[in-house]
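Inspection log for the structure reproduced underneath, given as structure tokens.
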Amino acid sequence: MKIGVNVPNFGPGTDPGVLRAWAQTVEGLGYDLLMVSDHVAITPDVAGQYPAPFYEPFTTLSWLAGITSRVRLGTTVLVVPYRHPLLIARMAANLDALSGGGRLVLGAGIGWAKQEFDALGVPFERRGQLTTEYLRTIRAAWADHDDYRAGPIPLWLGGHSDAGLRRAVELGDAWHPLRLTLSGLREGLGRLEKLAGDRPVPAFAPRILLRLTEKPVTGPDRRAGEGTLDQVVEDLGHLRAMGADTVVLDPFDADPAETLHPETAWRDLAAVAAAGKENR
């Protein structure tokens, strides 16, 4: 099972120097994948959780590709309706090729920020339908046109609704749920398999919280990746047993002020990396 890291590409403490340090830390600790988030117009509903500066993911990953050599690069998640599908197809194919080939993972979803959709002139109520249409166009461009030839670029699709799970079965290489409890992930996997029917079930690549605590976190609402180091290591073992191909650790909890002190997240990532080496 591979392990990746979701790197904050936003917030008051984020700048090019910090992003460089994040990339060097993630790659230096031996993690397999570095992922960033996506917003385009930092409207009030976005800014409340992910304030400016917010570095656009394709631009950011293109730059990080040049200052790393091994780690894979990805989006968690690209909001598909924000860009023309042929633009997404070309940017993804170019980024993968320019970074050496085989390094890009395109995580994608439908989005949630209505004010941002309005600012971009994209109908919020059609975001699910548009996402499905655009993903079909992207896959067709990659497969059928030499000037969009890519890959293969793994397409990870988020979403926990039945519509999202069906989209993952139809168009995804992996189901990429975000920050759920272990029971929620198990329940989602069961629904995914049921909805797939006779079709292949996509791989399982969850993004989980990483929040280390001194004392154990208990209760049914405990999210995967939350608690003592032993609890987090145990969670990763459960996810491996559930068939996870890759797990992405997300050290950003909720407070944008966390971005002012990235060394806290780096310490936690170092602890998990060291524990993983001991358990091999």
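The values are calculated or read from the model by the stated rules, or taken from the named source; none is laboratory data. Because the structure is predicted, anything quoted here is derived from the model rather than measured. A quick note on method: Cβ atoms are made from the backbone with ideal geometry, for glycine too, and the neighbour counts reach across all protein chains shown. For accessibility, only protein heavy atoms count, side chains too; no ligands or nucleic acids. Shrake-Rupley method; radii C 1.70, N 1.55, O 1.52, S 1.80 Å.
Helix-only mean residue ellipticity at 222 nm, the chain, DSSP H runs n ≥ 4 weighted -39,500 (n - 2.57), per residue, nearest 500. What is it? Don't skip to the answer; put the middle values down first.
Numbers: 10 runs with 121 residues, N = 280.
One gets -13500 deg cm²/dmol as the mean residue ellipticity at 222 nm.
Straight-line reach from LYS2: which aspartates and glutamates have a Cα under 20 Å away, not including same-chain ones fewer than 8 places off?
Straight-distance partners of LYS2: GLU27, ASP32, ASP96, ASP173, GLU226, ASP230, GLU234, ASP235, ASP245, ASP250, ASP268, GLU278.
Based on the alpha-carbon gyration tensor of the range 60-166, what equivalent-ellipsoid semi-axes (square roots of 5 times the eigenvalues) come out, in whole Å, largest first?
On the way: eigenvalues 118, 47, 35 Å².
Taking √(5λ) for each Cα gyration eigenvalue gives 24, 15, 13 Å.
If you stretched the chain out fully between TRP112 and MET242, how much longer would it get, using 0.36 nm times the residue separation minus the C-alpha to C-alpha distance? Write down the numbers at each step before the final one.
Working: separation 130, 0.36 × 130 = 46.80 nm, distance 2.81 nm.
Extending this stretch completely gives an extra 44.0 nm.
Tell me, what is the 1.4 Å probe accessible area of HIS39, in Å² to the nearest 10?
Probe radius 1.4 Å; accessible area of HIS39 about 10 Å².
Counting only C-alpha contacts under 8 Å and six or more residues apart, can you give the relative contact order of the chain as a whole percent? Kindly include the intermediate steps, with their values, before the conclusion.
Details: 504 pairs, mean separation 55.5, N = 280.
It comes to 20 percent, rounded to a whole number.
Going from the alpha-carbon gyration tensor of the chain, what semi-axes, largest first and in whole Å, does one get by taking the root of 5 times each eigenvalue?
Working: eigenvalues 145, 102, 76 Å².
Result for the chain: semi-axes of 27, 23, 19 Å.
If r is the Cβ-Cβ distance from MET1 to GLU133 and R0 is 35 Å, what FRET efficiency results, to the nearest 0.05? The partial results should precede the final answer.
On the way: r = 33 Å, r/R0 = 0.94.
After rounding to 0.05, the efficiency reads 0.60.
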